[in-house]
1. Can you tell me which of 225, 249, 118 moves the most in a GNM of the chain? Springs connect C-alpha atoms under 10 Å apart.
2. What does the C-alpha gyration tensor say about the overall shape of the chain? Classify as rounded when a/c is under 1.5, otherwise prolate if a/b is larger than b/c, or oblate.
3. Which residues does the label zone of residue 36 cover in segment 93-107, counting backbone N under 12 Å from a point 7 Å along Cα→Cβ?
4. Given contacts defined as C-alpha pairs under 8 Å and at least six residues apart, what's the relative contact order of the chain, whole-number percent?
5. Counting pairs of alpha carbon atoms under 8 Å apart in space and at least six apart in sequence, what relative contact order in percent does segment 63-218 give?
6. Rounded if a/c is under 1.5, else prolate if a/b is larger than b/c, else oblate: which is segment 229-325, with a ≥ b ≥ c the root eigenvalues of its Cα gyration tensor?
7. Helix-only estimate, please: 222 nm mean residue ellipticity of the chain, summing -39500 (n - 2.57) across DSSP H runs of length 4 or more and dividing by its residues, to the nearest 500.
8. If the chain between residue 318 and residue 254 were fully stretched, how many nm would it gain, using 0.36 nm times the residue separation less the Cα-Cα distance?
């Protein structure tokens, strides 16, 4: 699935790259992006190329917190029309709902889900894209931006209850703790930020409902095509697979239909549910296996298998090799 993102996603890239002794334009051209992406925030560019750019920069700079450093000083204005809308939403809850509804105006690949349970709220973020390479830097950049949005409503002293990443921890976590606070976890089942439910009702004293209406019209004018049914199912597979809940029945429940409708509508787009699950597994299994600190049993669980033996058989059938030898 080819997706686009506003070049504003590269805000601060030039500055951080230069601080690390890198030449920004050389890196940008190496991944096939136009030089204009560093100066025109509204230019739409390929999301896969942006992810590769961030990984390349972090690798060449030997700076595992490259993406995080890019995101820690973001402003609402970096989100363009969406930022204008968030600025005048009456509460943080309204702002988060607006992000979930309209994130495709800014980033077509980012999937955001808000889950509430008891007194806690979990904001999950994943990338739906055809890319088997690491997306560590993009994940940390996106999380830093989300944290910045929340802190604009909650105040500079606010800290989340927990920030979690699915990738391994860096050797030095100083930047993560400086940005997010002490409660940062790695090798988690998903990328997410947890806060108190009461935080969502924090009022925005500067909200202007008239300006919010104008901003809503502006965002609507920038709307991109709605995702295909296949893409909607792929997004749910992305979110549900590591939780062990990725069945056709559960996906159908999320989409407000039944299993037969899932089968029929996917077939109309020349796809099948199990085919999409396996496609996603093939895309991400390499990332999990590259992390040698992650046990195969955990990899098996993250990929939605009932037991490590089932994962081993699947891997051998797909790649003709043993997972432990990857």
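All of the numbers you see were taken from the coordinates with simple rules; none came from a lab. Keep in mind the model is a prediction, meaning the values are calculated, not measured. Here Cβ is always computed from backbone atoms with ideal geometry, including for glycine, and neighbour counts include all displayed protein chains.
1. 118
2. Since a/c stays below 1.5, the shape of the chain is classed as rounded.
3. Backbone N within reach: none found.
4. Relative CO of the chain lands at 16 percent.
5. Once divided by the residue count of segment 63-218, the mean separation gives 34 percent.
6. prolate
7. Calculated mean residue ellipticity at 222 nm is -14500 deg cm²/dmol.
8. Between residue 318 and residue 254, full extension yields 20.1 nm more.
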